[in-house]
Amino acid sequence: MADLHDRWVAERHHEHYYKLAKKLNYRSRASFKLMQIDERFGIFSPGDAVVDLGACPGGWLQVAQERTWPNGKVIGVDLRYIRPIEGVETIIGDITEDSTMAELLKRFGGKADVVLSDMAPNIAGHYSMDHARSVNLCMYAVNVCDRILKKEGKLVMKVFYGDMMPMLLKEVESRFQSVKVHSPDASRDTSSEVYVICQGFYAKTRVRVAPKVEEKQPEFKAKGGFI
């Protein structure tokens, strides 16, 4: 097992996009996947408000910040701490909770133009299970769109390809004018990951975001002659 891991590490260190990311100070090779997607599909415009779900370590945030400059607003959400990136805000939070969505809306001062998700499940090694978990994460991203994405907005999300794809595509096709499945050159040849590129959000399904309200603690007053 150790030998297999060592070979994987060696392959990764010699891999073209990994070395390029290190050279150009991007936090992950995934930055180049988003660049290639943007170059082909025109995801970003200057001044866009962008939210990146599962944003750690921040490779996609760097690209989004560069491509929405100078007046863009980029916010990353993750359960883990993200090291600061100039011009980017981060939230440590759970995307399944309305309190996180309310915080996003508050920071944007409105809705988002683009929702990104490069989220991946913890790999169990059983393909059908990993695929199902990946689709589940994508549905969280779709639900986020229902809450915070502007009409005509865009969604880019990663998924492991498998037999649940038709169900996932049906969900996004009911919400977006254009849906395409794409594999950028920067993805590994052996990877089952693909990206679902969704453009032209209908904004028909609107879910009210209810921020968490702190319960007021009861006030106790002394009665009688207690000291």
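The values are calculated or read from the model by the stated rules, or taken from the named source; none is laboratory data. On a predicted model such as this, the values are computed, not experimentally measured, just so you know. FYI the Cβ positions are ideal-geometry reconstructions off the backbone, even for glycines, and counts take in every protein chain you see.
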Q: State whether one or more residues within the stretch 98-112 are in contact with a strand residue (DSSP E or B) (Cβ under 6 Å, 6 or more places away or on another chain), modelled with pLDDT of 95 or more, surrounded by 21 or more Cβ atoms within 10 Å (Cβ to Cβ) and closer than 24 Å to Gln36 by Cα.
A: yes
Q: For the stretch 123-134, state whether one or more residues are among the aliphatic types (A, V, I, L, M), on the phi < 0 side of the Ramachandran plot, surrounded by 13 or more Cβ atoms within 10 Å (Cβ to Cβ) and in contact with a Ser or Thr (Cβ under 9 Å, 6 or more places away or on another chain).
A: no
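Evaluate the following for Asp146: is it at pLDDT below 95, of a type outside the set (Ser, Thr, Tyr) and out of contact with any Phe, Trp or Tyr (no Cβ under 9 Å at 6 or more places or on another chain)?
Working: at pLDDT below 95: yes; of a type outside the set (Ser, Thr, Tyr): yes; out of contact with any Phe, Trp or Tyr (no Cβ under 9 Å at 6 or more places or on another chain): yes.
Criteria met by Asp146.
On the given criteria, is Arg12 at pLDDT 95 or above, farther than 15 Å from Val114 by Cβ and of a type in the set (Lys, Arg)? Before you say what the answer is, go through the steps one by one.
Numbers: at pLDDT 95 or above: no; farther than 15 Å from Val114 by Cβ: yes; of a type in the set (Lys, Arg): yes.
Answer is no for this residue.
Consider Arg107 carefully, then state whether it is touching a residue at least 12 places away in the same chain (Cβ under 8 Å) and in contact with a Pro (Cβ under 6 Å, 6 or more places away or on another chain).
On the way: touching a residue at least 12 places away in the same chain (Cβ under 8 Å): yes; in contact with a Pro (Cβ under 6 Å, 6 or more places away or on another chain): no.
Taking the combined requirement at face value, the residue does not satisfy it.
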Q) Regarding Lys180, is this residue within 23 Å of Gln36 (Cα to Cα), basic (Lys, Arg), surrounded by fewer than 16 Cβ atoms within 10 Å (Cβ to Cβ) and at pLDDT 95 or above? A) yes
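Tally the residues that are aliphatic (A, V, I, L, M) and at pLDDT 95 or above, restricting the search to the stretch 188-210. I'd like the intermediate steps shown before the answer.
Applying the first criterion (aliphatic (A, V, I, L, M)) to the stretch 188-210 yields 194, 196-197, 203, 207, 209-210.
Restricting the remaining residues to those that are at pLDDT 95 or above gives 194, 196-197.
Residues meeting the conditions: 3.
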Q.
Being over 17 Å from Ser191 (Cα atoms), without any contact (Cβ under 8 Å) to a residue 60 or more places away in the chain and acidic (Asp, Glu) is true for just one of Glu97, Glu152. Which residue is that?
A. Glu152
